[in-house]
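Student: My structure is below; once you've seen it, I'll send some questions.
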Amino acid sequence: MKSFIYILFCCIFLFSTSAVEAQSFTLDSSVVHANVAGLVNVNDNITNTTANSITLRWRVIATTFPPDWLSGSAFGICDNHTCYYNSPGSGVSMPLWNDTTGTGLTFTTDPYTPGHGDFHLSLNFAYVSVGTHSVTVAITLPLGGTDTATFVINKVPSAAPSIVKSADDVVIYPNPTRDELNLVYDPASDVKSIAIYSIIGKVMAVYKVTDNNSANLNLENIPSGIYFARLVNSHGAMVATRKFTKQ
């Protein structure tokens, strides 16, 4: 009887561990900087790195936005379900962020299928005060595991919006590929290594980068399948993630 209970416990533990490992995601960047003059989206997209769809929860956990930046007409956050706009002091019980109490609602996304999915700030800063402030969003898996996205926004007096986001500059080819993979990226990204992950999050290979704007990866020893290339800078922070298929 004791042996049966022990085996049952081990099976439950292994099943639970597999379930947790089967859910993971990455953000394009942990910190996104943007110069904003008017109406603009500031993206930090989510990549589901697993083989199954995942549903996430998110909420604003900190911000230095002044009251005029927090108005419902100026500040919103969009996931793959819809856009939510802040309205502190308007009678909404739990807004994105309340500049008085600091409380905010927790939102639930639609399922993110494997690969890249939308997540961004929706800003209309044409008539807000000039300055530099930040907002941090915590994004959580139902079974545990949280990542944060911090958006540092610089409101400039005028000029076209300028989003500084190296992830948008990454080019990957050929895709699908057979024996090698080429990546081209912004030198300012400070990429020092590229890790290849399987769709279940297993590290398949790590390549040191010597060129400041491109890399050529030999994939001969990696089996056919769907993988993610994660670009990491000299501080150990992930710069970008790109999905590819090895034939």
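The values are calculated or read from the model by the stated rules, or taken from the named source; none is laboratory data. Only a predicted model underlies this, so the values are computations on that prediction, with no experimental measurement involved. When we count neighbours, we look across all protein chains shown, and the Cβ atoms used for this are built from the backbone with ideal geometry, even at glycine.
Student: Based on this model, can you work out whether residue 240 counts as closer than 23 Å to residue 117 by Cβ and either of a type in the set (D, E, K, R) or not assigned by TED's automatic domain parsing to the domain that holds residue 35 (or both)?
Tutor: yes
Student: Inspect all residues belonging to region 212-227 and state whether any of them is within 18 Å of the chain's Cα centre (by Cα) and touching a residue at least 24 places away in the same chain (Cβ under 8 Å).
Tutor: The answer is yes, given that some residue of region 212-227 is within 18 Å of the chain's Cα centre (by Cα) and touching a residue at least 24 places away in the same chain (Cβ under 8 Å).
Student: Mind counting the residues in region 68-79 that are at pLDDT below 90 and outside any strand (DSSP E or B)?
Tutor: 6
Student: Can you give me the number of residues within region 43-64 that are closer than 20 Å to residue 131 by Cβ and buried (at least 21 other Cβ atoms within 10 Å of the Cβ)?
Tutor: Selection size over region 43-64: 2.
Student: With respect to residue 241, determine if the residue is surrounded by fewer than 17 Cβ atoms within 10 Å (Cβ to Cβ) and hydroxyl-bearing (Ser, Thr, Tyr).
Tutor: Spelling it out, it is not the case that residue 241 is surrounded by fewer than 17 Cβ atoms within 10 Å (Cβ to Cβ) and hydroxyl-bearing (Ser, Thr, Tyr).
Student: Having 2 or more residues that are under 17 Å from residue 25 (Cα atoms) and among the charged types (D, E, K, R) is the bar; report the strands (runs of 3 or more DSSP E) wholly within region 180-247 that clear it.
Tutor: Those strands (runs of 3 or more DSSP E) span 238-246.
Student: Checking the structure you have, find out if any residue of region 68-87 is in the same structural domain as residue 125 (by TED's automatic domain parsing), in contact with a Gly (Cβ under 6 Å, 6 or more places away or on another chain) and charged (D, E, K, R).
Tutor: Within region 68-87 (the criterion being in the same structural domain as residue 125 (by TED's automatic domain parsing), in contact with a Gly (Cβ under 6 Å, 6 or more places away or on another chain) and charged (D, E, K, R)), the answer is no, since none of the residues qualifies.
Student: Then there is this: Show the residue pairs that are 6+ apart or on different chains and have beta-carbon atoms under 6 Å apart, the first residue being within region 119-148 and surrounded by fewer than 13 Cβ atoms within 10 Å (Cβ to Cβ), the second being among the aliphatic types (A, V, I, L, M) and not in a loop (DSSP other than H, G, I, E, B).
Tutor: 143/20; 146/138
Student: Look through 134, 122 and report the one residue that is part of a strand (DSSP E or B), among the small types (Gly, Ala, Ser), out of contact with any helix residue (DSSP H, G or I) (no Cβ under 7 Å at 6 or more places or on another chain) and farther than 15 Å from residue 78 by Cα.
Tutor: Exactly one of 134, 122 is part of a strand (DSSP E or B), among the small types (Gly, Ala, Ser), out of contact with any helix residue (DSSP H, G or I) (no Cβ under 7 Å at 6 or more places or on another chain) and farther than 15 Å from residue 78 by Cα, namely 134.
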